[in-house]
Amino acid sequence: MLDTRRLRLLVELDRLGTIAAVADALQQTASGISMQLSVLEREVGLTVTERHGRRLRLTPAGRLLAQHGRAIIERLSLAELEIESLRRGAAGTYVITAFPSAARTFVSDAWRQLLHEGSGLELRVSTDEPEQALDALATGQADIAVVHSYSNVPRSFATDITVAHLADDPVWLACRIGDPIAATGAPVALEELADRDWITAPVDLTCRTMVSRACGLAGFEPRTVAHSVDFAAQLEFVAAGAGLALIPDLTIAHVPEKVVILPLRSPVYRSIHAAMRSQRRNDPGIISLVQKLTDAAAESAASHSPKSAT
């Protein structure tokens, strides 16, 4: 295999014309350079230089090697620059999967910031519920999974998964304006709502489990009259007068005109985490992205809350 260091000597000789000039440019001895060029000739089995007066010039074989050498050295230089960028967390392509309301808000904000900065980090983003996102992380289909767990539905993580806390997202009670429970605007006790109708998420989602447990601690099982994975649809059902709903703050892009958002006397919230494979937790790009997500989540929370004033 050809030695790239010897190819570089040939490239410099083609550019400068004399061994002495090459030695001066590379801060090496002329005898050492001559020796390395002789080794190169033995490696390729061809003469690569010939004397022309006081100068050396390349033979056809030498010119061909120098041409390839320039291309190789340029590629190596580019590789070194890109590797240095990777070390600094400033380059590379990473896959993030996030639950929908996170993807729509602070994940998009972080992506926008990266593009605005002209960062060398490139993202590939998909939306998944936490269980599917963690599966994608475990199988290597994602580098970061943005997931949530409710305060009354804790989530356990595999031992080879590292998580970074991004934000806490309060859960509000949504009811129709004019409902007696909205009269004071004070925190609502779920115990007073046992005989009411409810709009929830489907039974196979943790968002539904959160509602069932919150109501269960208040002494009743919620009477569900509608269910939807779309919290915007849930709010519209509340606006129609169909029932009540427990809504995470981050999911609220718009509060319908006839809906009021109230705090709970016994607060419920969901913690939002960035999960990554433990063996990648020191990857500079992942460290940089998690920091971007943390900052964007904090900004989103500051601008989004409290919804109780809506």
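Kindly provide the set of residues from the range 123-159 that are within 12 Å of the chain's Cα centre (by Cα) and part of a loop (DSSP other than H, G, I, E, B), ordered by number. Hits for the range 123-159 are Ala142, Asp143. Does Arg223 satisfy the criteria of being surrounded by fewer than 17 Cβ atoms within 10 Å (Cβ to Cβ), over 30 Å from Gly140 (Cβ atoms) and in contact with a Phe, Trp or Tyr (Cβ under 7 Å, 6 or more places away or on another chain)? It is true that Arg223 is surrounded by fewer than 17 Cβ atoms within 10 Å (Cβ to Cβ), over 30 Å from Gly140 (Cβ atoms) and in contact with a Phe, Trp or Tyr (Cβ under 7 Å, 6 or more places away or on another chain).
Pairing residues of the range 125-138 that are more than 15 Å from Ala158 (Cβ to Cβ) with residues that are assigned to a helix (DSSP H, G or I), at Cβ distances under 6 Å and at least 6 apart in sequence or on separate chains, gives Thr127/Pro100; Thr127/Ala103.
Pairs are defined by a Cβ separation below 6 Å, a sequence spacing of at least 6 or placement on different chains, a first member in the range 101-124 that is of a type in the set (S, T, N, Q), and a second member that is buried (at least 18 other Cβ atoms within 10 Å of the Cβ); the pairs so defined are Ser101/Leu250; Ser101/Thr251; Thr105/Leu250; Thr105/Ser300. In the range 93-111, the condition of being touching a Pro at 6+ places or on another chain (Cβ under 9 Å), part of a helix (DSSP H, G or I) and at pLDDT 85 or above is met by at least one residue.
For the range 206-235, the set of residues classified as closer than 14 Å to Ile247 by Cα and part of a loop (DSSP other than H, G, I, E, B) consists of Ser228, Val229, Asp230, listed by residue number.
Scanning the range 1-53 for residues that are under 17 Å from Gln67 (Cβ atoms), over 50 Å from the mean Cα position of the chain (by Cα) and polar (S, T, N, Q) returns Thr47, Thr49. Any residue that is surrounded by fewer than 18 Cβ atoms within 10 Å (Cβ to Cβ), polar (S, T, N, Q), within 31 Å of the chain's Cα centre (by Cα) and closer than 19 Å to Ala182 by Cβ - is there at least one of those in the range 268-288? No; the residues of the range 268-288 include none that is surrounded by fewer than 18 Cβ atoms within 10 Å (Cβ to Cβ), polar (S, T, N, Q), within 31 Å of the chain's Cα centre (by Cα) and closer than 19 Å to Ala182 by Cβ. Only a single item in (1) small (Gly, Ala, Ser); (2) part of a loop (DSSP other than H, G, I, E, B); (3) within 21 Å of Leu190 (Cβ to Cβ) is not met by Ser271, and it is number (2).
I'd like to know if the range 157-179 contains one or more residues that are in the same structural domain as Arg281 (by TED's automatic domain parsing), touching a Ser or Thr at 6+ places or on another chain (Cβ under 6 Å), β-branched (Val, Ile, Thr) and within 18 Å of Ile272 (Cα to Cα). Looking through the range 157-179, at least one residue is in the same structural domain as Arg281 (by TED's automatic domain parsing), touching a Ser or Thr at 6+ places or on another chain (Cβ under 6 Å), β-branched (Val, Ile, Thr) and within 18 Å of Ile272 (Cα to Cα).
The values are calculated or read from the model by the stated rules, or taken from the named source; none is laboratory data. The structure presented is a predicted model; accordingly, all values stated were derived computationally and were not measured. Quick reminder, even Gly has a Cβ in these numbers, built from the backbone with ideal geometry, and neighbours come from all protein chains shown.
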